[in-house]
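A short worksheet on the structure shown next.
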């Protein structure tokens with residue numbers, strides 16, 4: 001069986017992830033390695049050495065904060081300055097430490113289990129949530145009270161992804177991670193198609209028909225396709241689950257099930273596109289790797305679904321594509337379904353070992369949920385923010401000086417506002433790493449590289465996953 005390079009890359013992250021206490025773990029956020037549940041900035045996450053800085057008021061309450069992305073700690077330091085200016089009676093000094101991804105999560109879990117040595121605040125990558133949430137409110141400070149001033153404006157479906165099995169809010173998200181469709185409109189226009197053709201797409205059948213029209217217009221040359229499908233990531237499957245309101249993890253109460261109608265329909269759809277020459281398998285198994293970026297730069301594909309955080313991949317790795325790309329909502333299998341799902345991310349937590357857990361929680365929610373914080377998250381980190389009040393704020397969403405507004409043909413937040421009530425949630429629970437590992441290392445390859453029947457491949461995966469539950 002042919003295997004893509006991503007399987008090798010994931011194996012290294014899997015080994016590190018297993019140190020954090022998962023019986024079987026997979027890299028589930030691009031901050032560690034680009035995969036289906038990915039979130040933020042893959043390259044930024046590759047912190048190779050510990051970095052320590054101290055910021056804030058030396059006369060204030062001293063705290064420790066850990067992250068595995070240096071840019072995150074830089075963001076928190078800026079927000080700490082704003083907090084101290086606005087709260088002179090509750091000032092804080094924070095020592096920020098940036099650790100390598102696996103080291104930080106292992107160190108955090110061990111300190112929580114041991115009851116000492118944990119920081120006041122810490123970033124937790126989505127795939128590590130099941131481990132860190134194991135102790136619930138005996139380990140972590142619930143954020144429900146601290147986020148109350150902002151909760152009405154926060155996207156509920158994104159907050160839900162960071163709740164514990166007890167229903168309490170433990171993580172503060174950076175972004176929605178809303179999945180959208182990216183189109184190379186410039187290439188499509190050269191083929192005689194237009195934005196109106198894209199906007200007319202409702203269903204996946206419509207989208208596939210548009211792809212055939214594009215390929216017919218360019219004469220079906222070798223090496224050119226409408227799209228690519230991933231063998232190293234499950235974004236397509238997550239979209240399908242959101243559309244049907246299904247969740248292969250089973251959530252906190254039910255058993256995992258990868259043989260869902262939504263999964264079968266999407267996998268069959270992808271396999272059919274491959275067999276019909278409409279799609280190719282993504283180089284190295286994923287659109288979020290160097291070979292994937294080059295494939296896009298070569299215009300070998302002109303449409304693909306990905307979370308909104310992928311905008312930074314364009315500006316960082318494909319700047320020459322500025323002005324070519326258009327963002328639209330994803331198609332659905334049946335009109336009226338949800339058309340998006342939040343993928344990946346980092347939920348920052350406050351530990352019970354904090355010197356002042358209430359103060360830490362108040363600062364954290366101010367940093368990641370207030371309009372000031374969300375403005376900085378968008379401008380500095382390029383994430384689609386969770387505070388929905390900003391999505392239709394013209395000064396925020398239509399700022400023509402913003403690099404993403406300048407890069408794309410349309411305003412990204414116009415798309416986000418359009419799909420506000422159509423963004424589903426797939427939970428990350430203890431079985432999630434096992435599902436991701438098996439799907440990305442085995443099942444997707446069997447279906448898309450080896451043309452194994454969808455039913456047989458998913459049945460095999462279900463059996464393997466049940467052995468781990």
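Neighbour counts of C-beta atoms inside 10 Å place 394, 123, 57 in the sequence 394, 57, 123, starting with the fewest. Note on segment 243-281 and segment 375-403: Cα centroid distance 32 Å, given to the nearest whole angstrom. Modelled label positions at residue 191 and residue 393, each set 7 Å beyond Cα in the direction of Cβ, lie 3.9 nm from each other. Each principal axis of segment 202-320 carries a Cα extent, and these read 48, 32, 25 Å when sorted largest first.
Taking a ≥ b ≥ c as the square roots of the eigenvalues of the Cα gyration tensor, segment 98-182 is oblate, since a/c reaches 1.5 or more and a/b is not larger than b/c. Computed over segment 117-234, the range of Cα coordinates on each principal axis works out to 62, 32, 22 Å, biggest value leading. Expressed in units of 2.2 N^0.38 Å, where N is the residue count, the Cα radius of gyration of segment 184-231 is 1.13. Going by neighbour counts of Cβ atoms within 10 Å, the residues 68, 304 line up, fewest first, as 304, 68. As an exercise, use a Förster radius of 30 Å and the Cβ-Cβ distance of residue 153 and residue 455 to find the FRET efficiency, rounded to the nearest 0.05. Taking R0 as 30 Å, the efficiency between residue 153 and residue 455 is 0.10.
For segment 138-177, the gyration tensor built on C-alpha atoms gives an oblate shape. Its axis ratio a/c (a ≥ b ≥ c) is at least 1.5, and a/b is not larger than b/c.
For the chain, the mean residue ellipticity at 222 nm estimated from helices alone is -11000 deg cm²/dmol, where every DSSP H run of n ≥ 4 contributes -39500 (n - 2.57) and the total is divided by all residues, rounded to the nearest 500.
Here each label is just a point 7 Å from Cα along the line to Cβ, and for residue 205 and residue 352 those points are 5.5 nm apart. Using 0.36 nm per residue and subtracting the Cα-Cα separation, the extra length available between residue 410 and residue 95 on full extension is 109.4 nm. Straightening the chain between residue 320 and residue 276 buys 12.8 nm, computed as 0.36 nm per residue apart minus the Cα-Cα spacing. Looking at the square roots a ≥ b ≥ c of the eigenvalues of the Cα gyration tensor of segment 416-469, which shape do they give, rounded for a/c under 1.5, prolate if a/b is larger than b/c, or oblate? Here segment 416-469 falls in the oblate category. Beta bridges from DSSP with both residues in the chain: antiparallel share about 60 percent, rounded to the nearest 5. Normalised by residue count, the chain yields a Cα convex hull volume of 128 Å³ per residue. Here 388, 95, 231 are placed in order of increasing Cβ neighbour count within 10 Å, fewest first, which gives 95, 388, 231. The label point for residue 50 and the one for residue 136, both projected 7 Å from the Cα toward the Cβ, are 3.3 nm apart.
If you take the alpha carbon atoms of segment 347-460 and fit the smallest convex hull around them, that volume is 185 Å³ per residue.
Cα centroid separation, segment 66-129 to segment 303-341: 31 Å.
Every read-out reported here was derived from the displayed coordinates using simple, explicitly stated rules and does not represent laboratory data. Small disclaimer: the values here were computed from a predicted structure and weren't measured. Glycine gets a Cβ as well: all are built from the backbone with ideal geometry, and neighbour counts include every protein chain shown.
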